[in-house]
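*Asks:* So that we are looking at the same thing, I have put the structure below in structure tokens.
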Amino acid sequence: MTAAIIDGAAVAARLRSEITREVEQMVAAHGVRPGLATVLVGDNPASQTYVRMKRKACEEVGIQSFGHELPADASQEEVEGLVRSLNADPAIHGILVQLPLPGHLNEEAILNAISIEKDVDGFHPVNIGRLAMKGREPLFIPCTPHGVIVLLEEAGAKFEGANAVVLGRSNIVGMPAAMLLVHRNATVTICHSRTKDLPEVCRRADILVAAVGRAEMVRGDWIKPGAIVIDVGTNRVDDPAAKRGYRLVGDVAFDEAKEVAGAITPVPGGVGPMTIAMLLKNTLRGAELAVSQLA
Ligand code: GUN
């Protein structure tokens, strides 16, 4: 069996063209152009790349992007002060503080300082708390896990009663992805570094979401025939034949897995483009919230 390849780049492109249209409608109807502020602290090269990609994507759909960069030794007060000034700025409908922050900063306090109406990452404790509870609605859903769900829907996943296994329990991906799957009535197992018999647990998964950050850890024989596999990992592995000296691989050994799974995302071109598309969607939603408060 050869799996269907879930084309995240194509789904994200479709979403971006819908967002472009909706942004122009908002400008025409309300004279409001959605705006996203990015906050980058320090000089982590991967974070710089991600923020650059996010800002470029904003500009391509007509969302204004306001970049703020602080030095690696910025104080807690400086970062929180910047967040508070962005909270008060009516041109800004979304605030994204790129993670990870330098170790001396209190991440929780900084995320807590973001107005929940502008929390386009969905990382504010109130938004995460609402996501964790039955019958409560967060204002924003975290971008990568939301992208995972959209790709599962695209692949025709039946959530109700499905065995879903999430590898990884990070605040950014694993834990919120598990909560979104529970909301859709899947039976969810969250695996982590202490999980016993990991291959065996994975083999029970109708839906497998891998978000551990370990290159090609999930082998083909860990996968239930016909399962839908979403690979969130983006890992660099040395490759002297590649122009940059490395190539990107996921957490799943793709060539093996595609022979067993029913559908699978590639890396790159799977979840990655969806994260940014969901951020744009959340920023548009932030602007809609602001417009509805003006009315
Ligand atoms: N670091 C890795 N992923 C993310 C993300 O989705 N948002 C932010 N703010 N930081 C990240």
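The values are calculated or read from the model by the stated rules, or taken from the named source; none is laboratory data. In this text the structure is predicted, and so the values were computed from the model without any measurement. Don't worry about glycine lacking a Cβ; one is built from the backbone with ideal geometry, like all the others, and counts go over all protein chains shown. All accessible areas refer to the heavy atoms of the entire protein, side chains included, with ligands and DNA or RNA removed. Shrake-Rupley method; radii C 1.70, N 1.55, O 1.52, S 1.80 Å.
*Asks:* If a residue has to be in a loop (DSSP other than H, G, I, E, B) and touching a residue at least 40 places away in the same chain (Cβ under 8 Å) to count, how many in segment 256-267 make the cut?
*Replies:* 7
*Asks:* Also: Evaluate the following for THR265: is it open to solvent by less than 30 Å² (accessible area, probe 1.4 Å) and within 18 Å of TYR50 (Cβ to Cβ)?
*Replies:* no
*Asks:* Which of the following residues is farther than 30 Å from ALA157 by Cβ, within 19 Å of the chain's Cα centre (by Cα) and among the aliphatic types (A, V, I, L, M): ILE6, ILE63, ILE19, ILE95?
*Replies:* ILE95
*Asks:* Here's another thing I want to ask about it. Among the residues of segment 234-247, is there at least one that is under 20 Å from the mean Cα position of the chain (by Cα) and in a strand (DSSP E or B)?
*Replies:* Taking every residue of segment 234-247 in turn, at least one turns out to be under 20 Å from the mean Cα position of the chain (by Cα) and in a strand (DSSP E or B).
*Asks:* Oh, and also: Do we have GLN64 as in contact (Cβ under 8 Å) with a residue 24 or more places away in the chain, more than 19 Å from ALA177 (Cα to Cα) and buried (at least 16 other Cβ atoms within 10 Å of the Cβ) here?
*Replies:* Here the answer is yes, as GLN64 does meet what is asked.
*Asks:* Out of segment 42-60, which residues are within 11 Å of the ligand (Cβ to nearest atom) and either of a type in the set (Asp, Glu) or touching a residue at least 60 places away in the same chain (Cβ under 8 Å) (or both)?
*Replies:* Within segment 42-60, LYS54 is the sole residue that qualifies.
*Asks:* Name every residue in segment 206-248 that is open to solvent by 10 Å² or more (accessible area, probe 1.4 Å), within 22 Å of MET274 (Cα to Cα), among the aliphatic types (A, V, I, L, M) and in contact (Cβ under 8 Å) with a residue 24 or more places away in the chain, in order of residue number.
*Replies:* Residues satisfying the conditions are ALA211, VAL212, ALA215, ILE228, VAL232.
*Asks:* Just name the residue that is modelled with the lowest pLDDT out of those in segment 1-17 that are open to solvent by 20 Å² or more (accessible area, probe 1.4 Å) and part of a loop (DSSP other than H, G, I, E, B).
*Replies:* Of everything passing the filter in segment 1-17, MET1 is modelled with the lowest pLDDT.
Yes/no matrix, rows are residues, columns are (1) modelled with pLDDT of 95 or more; (2) within 15 Å of the ligand (Cβ to nearest atom); (3) surrounded by fewer than 23 Cβ atoms within 10 Å (Cβ to Cβ); (4) polar (S, T, N, Q):
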site	(1), (2), (3), (4)
GLN98	yes, yes, yes, yes
GLU107	yes, yes, yes, no
LEU111	yes, yes, yes, no
GLU117	yes, no, yes, no
VAL148	yes, yes, no, no
ALA155	yes, no, yes, no
VAL166	yes, no, no, no
ALA177	yes, yes, no, no
ASN185	yes, no, yes, yes
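*Asks:* Follow-up. Considering only segment 92-110, I want to know if a residue exists there that is touching a strand residue (DSSP E or B) at 6+ places or on another chain (Cβ under 9 Å), of a type in the set (S, T, N, Q) and touching a residue at least 60 places away in the same chain (Cβ under 8 Å).
*Replies:* So far as segment 92-110 goes, yes, one or more of its residues are touching a strand residue (DSSP E or B) at 6+ places or on another chain (Cβ under 9 Å), of a type in the set (S, T, N, Q) and touching a residue at least 60 places away in the same chain (Cβ under 8 Å).
*Asks:* Provide a single number: the residues in segment 119-136 that are open to solvent by less than 50 Å² (accessible area, probe 1.4 Å), free of Cβ contacts under 8 Å to residues at least 24 places away in the same chain and more than 14 Å from the ligand (Cβ to nearest atom).
*Replies:* Result for segment 119-136: 1.
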